[in-house]
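K.L.:
Next up is a structure, given as structure tokens.
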């Protein structure tokens, strides 16, 4: 027997099934307990040779210093956001002051959780990479993979544990007002993740590109050769970008999807809808535990990817079965048994399926979508599949054809992936007979997709840990050929798993953004009703009319912002990488003993360059993401702002998949050549694939994955400002001067930030005015 609690939520009393919330919170704590147990298990493994430990210690120190500096910088944005959240109006509640206080407070909680998961992922990864290298050195292929994957499992458990715990606490404390408070929680998680994703991405790819261009192409030395001054920065970047940044990104995907479903759940399923997403999240905890535990490499497995795929699909089936059982237990069999639902009798008559059928169908659809994206992305990025083989083959005709083949692969894969995601969204939409239920079904599909998030996060973190392990082993020189082969294979698997998780993350962004778009229109209706508009539905339809030129302009601006955001991120990597190239060249030129091992490179100089540039360059993309919806909303109105979100979602999903898959294919094509195809290392074909890989680096690890939190940040900003936009646009509170003033101020800041970013000079080597010094460097070395 479940216990209920009568509380005051909106304007009427609401019965909330407290027992479900308590169970969800308890399972969240179980997930955190498993995370602690895995940390202990990982740290108990061997640490390798003293030389390995010395290199790993330098990487740990650099990564920790970067994150500390980044968190200090982001503290300013957090304070400003809290103030703005307090100032923005709240509609539809009798407890406005408490709700605004809760929204601001849980913004800080969401941002704090996102930061903690990023820090924890980085902190453990910088210790696990050493242990993976040590296991490979000892000849344990199975042990090396298990350490890497279980370290990722820690981040996965933290993601589901903290996300579910935060949402459960909000629902427990705020009941009927939980949806509004959760807007702050999701916004905090998404905003910090976006900054960490952009900043970490700039750092890691600036170091990686700079190291490859000078080390591999100009000097002809291996990727992680200790003579290259950028190698430590490259390994640091893997942790602050791919571990910390992506961990925070996947956490915000989980948190925002929960937020979107909880916002819509109350209207569609009443009190049950307010806790059903938490129940599905609790299923995700169980799935994460099973998925991580069963991921083991068998002797018959062709590669580590075989073991990972097997564990993922098994956990997906388990998630589907457990979710169906939980829904049958928690959701009534007929619509009339739902208490607190906002559905009318006419709306209920339009729904063909029962509440249980809608919920089960939506969740299973989301799980199937995750599996389909995994298979499709794997096809386009795995080393043994035809697309990557074709890209590698084009290296025989030079870097231009490598670039062209990679771009065409990315464009093609983006189309099929986008159609797959669109089919998933539309399939979920068809489950509901009314717009309210359909939008909730889309949000539940997102929850279903994220029942496997624990395994997904483990897959993603597996990539940079394997990459770092390979770097530590190569820099130390304390590993034999068999161990090096093991680490190379794991690194190639990691490239594919990273591409897969990026595809799944953008799918969650689309599902969450679509659901949030429905929440945005609901916010419009509430605000219009509060402003005295009599026929709210007719007014909303008029505002959302696509024949209105202002709305078409909104669509174009939304798409354009995604392009500008991507361009800013890639250009930031280009400028910072240029500075790294000149610094590494300078060291080779001025310290000739580096090449024969009698002089030690100044690794710290490159780390400082990447840290400085990453902190400086993340400001403009961040301001664009937050201020562009404000400029459009207050400048053009709530209708064009809705159209702006449509344009951003549509272009964002295509751009993100294109960038991620092109980059992943280029990287694995390079590895195929390094494994001996088309001439192997040192050949012209190898040089061509290195060029492709360096172009793909900011594609797949900076701009591409940052679009995921960008879409959700913009949707949440729009949702938060909608009441204020309506307040200053219609009724007695309309004030054109204030509205236009806010829009102009936001636009001026954006223009000034972009101009400031574009005005930064490209670093030039003062010794030769920027001329190509590669021949000179080689001669002196």
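K.L.:
Would you mind classifying region 223-338 by shape? Square roots of the alpha carbon gyration tensor eigenvalues, ordered a ≥ b ≥ c; an a/c under 1.5 is rounded, otherwise it is prolate if a/b is larger than b/c and oblate if not.
P.N.:
Oblate, because a/c is 1.5 or more while a/b does not exceed b/c.
K.L.:
Separate question: Taking the 0 to 90 degree range and rounding to the nearest ten, how far is the long axis of helix 453-476 tilted relative to the main principal axis of the chain, both from C-alpha atoms?
P.N.:
20 degrees
K.L.:
What do the square roots of 5 times the Cα gyration tensor eigenvalues come to for region 163-237, in whole Å, largest first, as semi-axes of the equivalent ellipsoid?
P.N.:
46, 10, 6
K.L.:
A follow-up question, please. Kindly express, to the nearest 10 degrees and within the range 0 to 90, the angle between helix 736-759's C-alpha long axis and the longest C-alpha principal axis of the chain.
P.N.:
10 degrees
K.L.:
Pairs of Cα atoms under 8 Å, at least six residues apart: use those to get the relative contact order of region 155-245, whole percent.
P.N.:
Value for region 155-245: 30 percent.
K.L.:
Per-residue counts of other Cβ atoms within 10 Å, averaged by peptide: what ranking do you get for 57-70, 365-378, highest first?
P.N.:
Ranked by mean Cβ neighbours within 10 Å, highest first: 365-378, 57-70.
K.L.:
What relative contact order, as a whole-number percentage, does region 398-504 give when Cα pairs under 8 Å and 6 or more residues apart are counted?
P.N.:
23 percent.
K.L.:
Between residue 547 and residue 755, how high is the FRET efficiency from 1/(1 + (r/R0)^6) when r is the Cβ-Cβ distance and R₀ = 41 Å? Nearest 0.05.
P.N.:
It comes to 0.75.
K.L.:
Separate question: Output the relative contact order of the chain, whole-number percent, from Cα pairs under 8 angstrom with separation of 6+ residues.
P.N.:
So the answer I get is 19 percent.
K.L.:
Over region 442-508, how many percent of alpha carbon pairs lie in each 10 Å bin up to the one with the longest distance?
P.N.:
Distribution as computed: 21, 38, 23, 13, 5, 0 percent.
K.L.:
Tilt of helix 704-727 relative to the longest C-alpha principal axis of the chain, in degrees (0 to 90, nearest 10)?
P.N.:
Its long axis makes an angle of about 30 degrees.
K.L.:
Let me ask you something else. Take the Cβ-Cβ distance between residue 422 and residue 138 as r, set R0 to 35 Å, and report the resulting FRET efficiency rounded to the nearest 0.05.
P.N.:
Calculated value: 0.15.
K.L.:
Provide the gained length on full extension for the span residue 748 to residue 329, in nm with one decimal, where the gain is 0.36 nm per separating residue minus the Cα-Cα distance.
P.N.:
Net length gain for the segment: 145.4 nm.
K.L.:
Here's something else I'd like to know. What does the extension gain come out to for residue 538 and residue 83, with contour length at 0.36 nm per residue minus their alpha carbon separation?
P.N.:
So the extension gain works out to 160.4 nm.
K.L.:
Still on this model: May I ask you to derive the FRET efficiency for residue 599 and residue 396 from their Cβ-Cβ distance with R0 = 35 Å, giving the value to the nearest 0.05?
P.N.:
0.40
K.L.:
Run through all the Cα pairs of region 472-536 and give the fraction in each 10 Å bin from 0, expressed as whole percent.
P.N.:
Distribution as computed: 17, 20, 16, 14, 12, 10, 8, 3 percent.
K.L.:
Mind ranking 325-336, 571-582 by how tightly packed they are, going by the mean number of other C-beta atoms within 10 angstrom, highest first?
P.N.:
Those peptides, ordered most packed to least, come out 571-582, 325-336.
K.L.:
Shifting gears a bit: Taking N as the number of residues in region 554-605, what is its alpha-carbon radius of gyration divided by 2.2 N^0.38 Å?
P.N.:
Here the Cα radius of gyration is 1.91 times the empirical estimate.
K.L.:
Return the whole-Å distance between the Cα centroid of region 91-134 and the Cα centroid of region 514-571.
P.N.:
Region 91-134 and region 514-571 have Cα centres separated by 29 Å.
K.L.:
Test of understanding: extend the Cα→C-beta vector of residue 346 to 7 Å, then name every residue of region 412-435 with backbone N under 20 Å from that spot.
P.N.:
Flagged as within label range: 432-435.
K.L.:
For a label point 7 angstrom out from the Cα of residue 484 toward its Cβ, which stretches of region 679-701 have the backbone nitrogen within less than 18 Å?
P.N.:
Under 18 Å, as judged by backbone N against the label point of residue 484, lie 679-683, 686-687 of region 679-701.
K.L.:
Calculate, in whole percent, how much of the Cα-Cα pair population of region 425-465 lies beyond 16 Å.
P.N.:
Summing the P(r) of region 425-465 above 16 Å gives 47 percent of all pairs.
K.L.:
Per the helix-only calculation at 222 nm, which mean residue ellipticity applies to the chain, given -39500 (n - 2.57) for every DSSP H run of n ≥ 4 and division by its residues, nearest 500 deg cm²/dmol?
P.N.:
About -27500 deg cm²/dmol.
None of the figures in this text is laboratory data; all of them are computed from the coordinates on show. In this text, all values refer to a predicted model and were calculated from it rather than measured experimentally. For neighbour counting, all protein chains shown are included, and Cβ atoms are generated from backbone atoms with ideal geometry for every residue, glycine included.
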